[in-house]
1. Arranged by the count of other C-beta atoms within 10 angstrom, fewest first, what order do A:Lys224, A:Lys367 take?
2. Can you list the HN-Hα couplings for region A:591-608, worked out from phi with the Karplus curve (6.51, -1.76, 1.60; θ = phi - 60°), rounded to whole Hz and with x for Gly and Pro?
3. Which ³J(HN,Hα) values in Hz, rounded to whole numbers, follow from the phi angles of region A:392-398 under the Karplus curve 6.51 cos²θ - 1.76 cosθ + 1.60, where θ = phi - 60° and Gly and Pro get x?
4. Return A:Phe509, A:Phe410 ranked ascending by Cβ neighbour count within 10 Å, so the fewest neighbours appear first.
5. Under 1.5 on a/c is rounded, so check that first for region A:207-293, then, if it is not, pick prolate when a/b is larger than b/c and oblate when it is not; a ≥ b ≥ c are the square roots of the alpha carbon gyration tensor eigenvalues.
6. Starting with the fewest neighbours, write out A:Ser312, A:Ser243 ranked by other beta-carbon atoms found within 10 Å of each beta-carbon.
7. With the cut-off at 1.5 for a/c, could you classify region A:555-596 from its C-alpha gyration tensor as rounded, prolate or oblate?
8. How would you rank A:417-426, A:574-583, highest first, on the average number of other Cβ atoms within 10 Å across their residues?
Amino acid sequence: MIEEDWNAEIGDEALLRSLEKVSLLERPNDPSSVFSPSVDSFDTDEFVNTQHQPVSSFGRGRNFAAKGFQEGNGEDALPQNRGFKGFGQGFHERNAVDGASTQNRGFKGFRGGFGQGARDGQRGIPQSGALRESGSLADGAGFQEGNGEDALPQNRGFKGFRGGFGQGTKGGQGDIPQSGTPSSRERGTLTDGAGPKVTYVPPPPPDDEEAIFARYQTGMNFDKYDENVVEVSGLDPPAALMSFADTNMCHTLTVNIAKAGYSKPTPVQKYSIPIILAGRDLMACAQTGSGKTAAFLVPVVAQMMRDGVTASSFKEQQEPECIITAPTRELVNQIFLEARKFVYGTCIRPVVIYGGTQTDYSIRQVKQGCNILCATPGRLLDIIGRGKIGLHNVKYLVLDEADRMLDMGFGADMKKLVSFPDMPQKDKRQTLMFSATFPEEVQRLAGEFLKTDFLFVVVGHVGGACSDVQQNILQVSQYFKRDKLIEILHSIGNERTLVFVDTKKKADFIACFLCQENIPATSIHGDREQREREIALRDFRSGKCPVLVATSVAARGLDIESVQHVINFDLPSTIEEYVHRIGRTGRCGNTGKAVGFFDNNSDGHLAQPLIKVLSDNYRGRGSVNAGEVRMECSAREIESWD
DNA sequence: AAAAAAT
C-alpha cells in the first residue's frame with residue numbers, strides 16, 4: 001500500500017528521476033579508491049542489505065532510500081553532492097527545494113545521517129559502493145586501499161554516470177570531462193578515452209578435479225527430451241548416435257564425459273555429435289537447457305584428440321585449433337569451464353578471454369598455450385590485432401547463440417573475424433552454430449559463414465520455448481509492477497529467482513528496492529564493473545542473493561543451478577529474447593516457472609508472438625494440466641488485449 | 001529504445 005501511495009504521488013517522470021538518483025548512489029566507483037565501511041559496522045540486519053551494494057554502501061541505507069523515495073527528504077535523498085547536480089532542478093518538486101539548499105550539505109547530511117560516515121569522515125565518500133558487494137565484505141584489503149584516495153570519488157562517479165548511462169545523449173552536461181568508471185569506458189561511450197586502466201584479473205577457477213566436474217542434477221523430465229521431433233535438413237546427414245559409447249572417442253574423453261555427469265545424450269547431442277565428427281558444418285537449433293554446449297564441445301574435443309593438437313608451450317603467438325565465441329563475458333566463461341571438463345587429463349589447453357579484465361592478463365593466458373579459445377568478440381579481435389593469435393590453424397569456429405552473434409550488434413565483428421587473411425576459408429574449417437532461436441533473416445546471414453552443404457538440425461521447432469517452463473503472463477501496468485513483484489517474491493519464499501528489467505539503471509533500482517524490502521538481491525548489467533558482475537553471479541549461484549535483477553546481459557546461455565523462477569518485470573522487445581530469458585529456468589529436465597508482466601502500453605507488439613510461443617507448448621504436451629490451462633487462458637487474454 | 005561487446 002505504501003508503494004501504491006508512492007506510485008500515485010510521484011508519477012512517471014519523477015519515477016524516472018528517482019531511478020537516476022538511485023543509479024547515482026549505486027554507481028560503482030573504482031573500488032580501490034573508495035571508502036567503505038568496515039565489517040563491524042554492519043549488524044545482521046544490515047548485512048542483508050549488503051546483498052546489493054548501493055544499499056549496503058550506506059549502512060543505514062534502507063532508511064536512506066526509503067526516505068529518499070517516499071518522503072522526498074532532500075538531505076537524505078542525496079547524500080552526495082553529485083546527486084544534486086545530477087538532478088538539477090528537474091527532481092521532484094518536494095526535493096527540488098531541499099535539493100537546492102542542501103547542495104553543499106551533501107556530505108554533511110550524509111555523514112551525519114549514516115553510521116559509517118561519522119566513523120570514517122575523513123574519507124568523505126561513503127557511497128562508493130563498488131565493492132560493497134557482499135563478497136567484498138571479506139575483502140579487507142579492498143577496504144584498506146580506499147584510504148586517502150577518495151577525496152572526490154563522488155564526482156568521478158557522477159561523471160561516469162553521465163557518460164556511461166547517458167551514452168552521450170542524456171547527459172545534458174556533456175561539457176564535464178568524463179573519466180567515468182571503467183565499465184562506462186569500456187564500450188567506448190566516452191570520448192576522451194582517459195581514466196584509470198582496467199586492472200581486473202578474475203580469480204583463477206578452482207582446479208581440483210571435483211570442482212572441475214561439479215555439476216547439478218538432471219531433472220525428472222530429462223527423458224522427455226526424446227519426445228521431441230528432430231528434423232535434419234541438408235544432404236547425406238550421418239546417422240544419429242544413441243549413446244556416447246557409439247563413437248570412437250578416446251578413453252580419456254569417454255571418462256570425462258561420464259565424470260561430467262553426461263550419461264545419455266540429449267537429442268541435440270545425438271544428432272550434432274556425429275555431424276561434427278563427420279566434418280560437416282552445422283547450424284543447430286534446440287530448446288534452452290538441452291545440452292547444446294556439450295553438443296559441440298564433445299565432438300570438437302574428440303576430433304582434436306584424434307588429429308592431435310599443437311602441444312601447449314609458451315609462445316608469443318598461439319595458434320588455436322578451435323575458436324568459440326558468444327555474446328556475453330559470463331557466457332564465454334561458462335563455456336570455458338565446461339570445456340575444461342572434457343579436456344581434463346589431455347594435452348588440450350582451453351583459454352578464456354573477455355573484456356573488462358586486464359588485457360595483459362588475457363595475453364598471458366593465451367601465451368601459455370591455447371588450443372581452444374573461448375572469447376567475446378571485442379577482446380578476441382583485439383588480441384588477434386595484437387598478433388597474439390594466429391588463425392591459420394583454426395579447424396573449428398563455433399558461434400554459440402549464433403543468431404545473436406550474426407545480427408546487428410555482433411555481425412560486423414564476426415565478418416571481421418572470418419575476414420582475417422590467415423583465417424581458413426569456410427571450406428577449410430568447420431563452422432558450427434548453435435542457438436535456441438534462429439529468425440529466418442538471420443539464417444540467411446548464417447549462410448555466408450557456412451559451407452553450402454551444411455546441415456541444419458532442429459529439435460522441436462525453431463525458436464520454441466522450453467516445455468519444462470510453465471509460463472504465465474500477467475497484465476500489470478507500469479506502476480504496479482513493483483507491488484506485483486514483491487507479492488510474487490513473498491509467495492515463492494526463498495527460491496532462486498531471476499528478474500529481468502529493460503535498463504541498466506532499473507536493474508540497480510529494483511535490486512535496491514528489493515533489499516529495502518528485506519529481500520536480498522543483487523544486480524548484473526553492463527555498467528557494473530566486471531568484478532561486480534562476477535560477484536553478483538557468484539552470490540546468486542551460491543544462494544547468498546536468491547534474487548538477481550538483470551538486464552538482457554543474463555538472458556542467454558547462463559546455466560545456473562536451481563533457478564526456479566524467471567520474472568520478466570519488463571518483457572523484452574523480441575520474442576527470441578523472451579524465449580532465452582525464460583530458458584534460464586527449466587534446464588536439463590528440471591521444471592521452472594516464468595512470469596511476465598505484460599504492460600499494454602509497451603508490450604502490444606509481443607502479444608501475437610507470445611500467443612504462438614505459449615500455445616506451441618500447450619499443444620506439444622498432449623495433455624491438459626492446471627498449468628497449461630492457465631497458460632491457454634493467458635494466451636487468450638493477451639489476444640483480447642490487442 | 002535498450003542492451004551487449006575492446007581500449
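1. Sorted ascending by nearby Cβ count, the order is A:Lys224, A:Lys367.
2. Couplings: 9, x, 10, 10, 10, x, 8, 9, 10, 3, 5, 10, 10, x, 5, 8, 3, 4 Hz.
3. 4, 8, 5, 9, 10, 10, 10
4. Values: A:Phe509 28, A:Phe410 21.
Lowest to highest Cβ neighbour count: A:Phe410, A:Phe509.
5. On the way: a/c = 2.11, a/b = 1.37, b/c = 1.54.
Taking the square roots of the gyration eigenvalues as a ≥ b ≥ c, region A:207-293 is oblate.
6. So the residues, fewest neighbours to most, are A:Ser243, A:Ser312.
7. The shape class here is prolate.
8. Details: A:417-426: 14.3, A:574-583: 23.7.
Per-residue Cβ counts within 10 Å, averaged per peptide and sorted highest first, yield A:574-583, A:417-426.
Bear in mind these aren't lab numbers, they're just calculated from the coordinates by the rules spelled out. No experiment lies behind these values; they were computed from the predicted model shown. Cβ coordinates were reconstructed from backbone atoms using ideal geometry, including for glycine residues, and neighbour counts include every protein chain displayed.
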